[in-house]
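The values are calculated or read from the model by the stated rules, or taken from the named source; none is laboratory data. Please read these numbers as outputs of a predicted model, since none were measured by experiment. Quick reminder, even Gly has a Cβ in these numbers, built from the backbone with ideal geometry, and neighbours come from all protein chains shown. Protein only, heavy atoms only, side chains kept; ligands, DNA and RNA dropped before computing areas. Shrake-Rupley method; radii C 1.70, N 1.55, O 1.52, S 1.80 Å.
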Amino acid sequence: VGKRKVWTLTLVLAILCAIVGSSLQFGFQTGCMANTQTLLNDKFNVSNVTMSTMVSGMAMGGLVGGLSAGLIADRVGRKMCMALNNIPMLIGTALMALSFNEYFFIFGRIIGGFAVGIATGIAPMYISEISPVSVKGGVGVSHQFMITLGILIAFVLSIKDVLPETKAAEWRWHVYFAFPAIPALFQLLVLPFCPESPNWLYYNKEREDLAKNALTKLRKSREAAEEEIEAMIKERTAGTSSVMVTYGQFLTNPTLRLSLLIGVVLQCAQQLSGINAILNYAPAIFKDAGESNADLAPISVGAIFNLMTFVS
């Protein structure tokens, strides 16, 4: 028996649809405020507190979106969740790009942040569920790589040579904040050609026939699709006889408590490292450190992000 083909055009297209339309959005929205705060302050003449709210608006909406992602995806499906998520993404983008005062901009950041929160939950979920077991790890990294690429794009497009702080070039910041519409429209155009998640069709909708059809499109092999369906059936059968774990047992059972502790510490270490502050205020940090080209310095941060993600 010859070696089975892992990568197919449908699989690649579906992965690109998810990470460009969702993961890239997260990255751009994360990095877009670093070099634009002075420009926006000149435009709206806001206080430090208001500017901080403009920066953190994405996190406010993202908190709600991140908590909602799983519930929405389970209810309407992975594809529909991604498609519907482009509505708040485009609304938030329009509000930021067309803002005539700081309140519209903050509102746009919060709505866009809500969409980003859902995007960062649904994208890795979808690409993991459609990918063969042999490449799940590498495909999972593509989500993080596209986030770092979005951050780098945001940094590059906001340097003073591209986005000068002059009255004559004021229109450019409107175009800059409209950038997220490009990946959103790309996802809306490509999504109809992508199969639904086989896992969602089988486990949530209990439609083995539709799950098999989706796998056949992704694998371009009926035999491979049937093998994966058989694996799902065995997993589900085994799951019915497994013991359910309660939230209380995560605290009382030593083994489960250790697993929970490791997960919490890893997440805390990532967030409490201060990387978000660096991404949002990199130019100011570099300027205070004596860097003359403070708007260019964040690009080095973005480049290292991309390099390390690629290495991983």
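The conditions of being closer than 19 Å to VAL46 by Cβ and over 16 Å from the mean Cα position of the chain (by Cα) are met by ALA97.
The helices (runs of 4 or more DSSP H) found wholly in segment 155-226 and carrying at least 1 residues that are surrounded by 20 or more Cβ atoms within 10 Å (Cβ to Cβ) and under 20 Å from the mean Cα position of the chain (by Cα) occupy 171-177, 181-190.
For segment 70-79, the condition of being under 11 Å from ALA119 (Cα atoms), part of a helix (DSSP H, G or I), of a type in the set (Gly, Ala, Ser) and open to solvent by less than 40 Å² (accessible area, probe 1.4 Å) holds for at least one residue. Checked against the criterion of being among the aliphatic types (A, V, I, L, M) and within 22 Å of LEU163 (Cα to Cα), segment 56-79 has at least one qualifying residue.
Tallying residues that are open to solvent by 30 Å² or more (accessible area, probe 1.4 Å) and touching a residue at least 40 places away in the same chain (Cβ under 8 Å) within segment 286-307 yields 4. Of the residues making up segment 91-112, those that are open to solvent by 60 Å² or more (accessible area, probe 1.4 Å) and over 15 Å from TRP173 (Cβ atoms) are ILE91, TYR103, PHE107.
Once segment 10-30 is narrowed to residues that are under 14 Å from LEU152 (Cα atoms) and not β-branched (Val, Ile, Thr), the residue that is most open to solvent (accessible area, probe 1.4 Å) is PHE26.
Quick check on segment 36-47. Is at least one of its residues open to solvent by 40 Å² or more (accessible area, probe 1.4 Å), modelled with pLDDT under 95 and closer than 12 Å to ALA119 by Cα? No, there is no match, as no residue in segment 36-47 is open to solvent by 40 Å² or more (accessible area, probe 1.4 Å), modelled with pLDDT under 95 and closer than 12 Å to ALA119 by Cα. Considering (1) touching a residue at least 12 places away in the same chain (Cβ under 8 Å); (2) open to solvent by less than 60 Å² (accessible area, probe 1.4 Å); (3) assigned to a helix (DSSP H, G or I), the lone condition that VAL64 does not fulfil carries the number (2).
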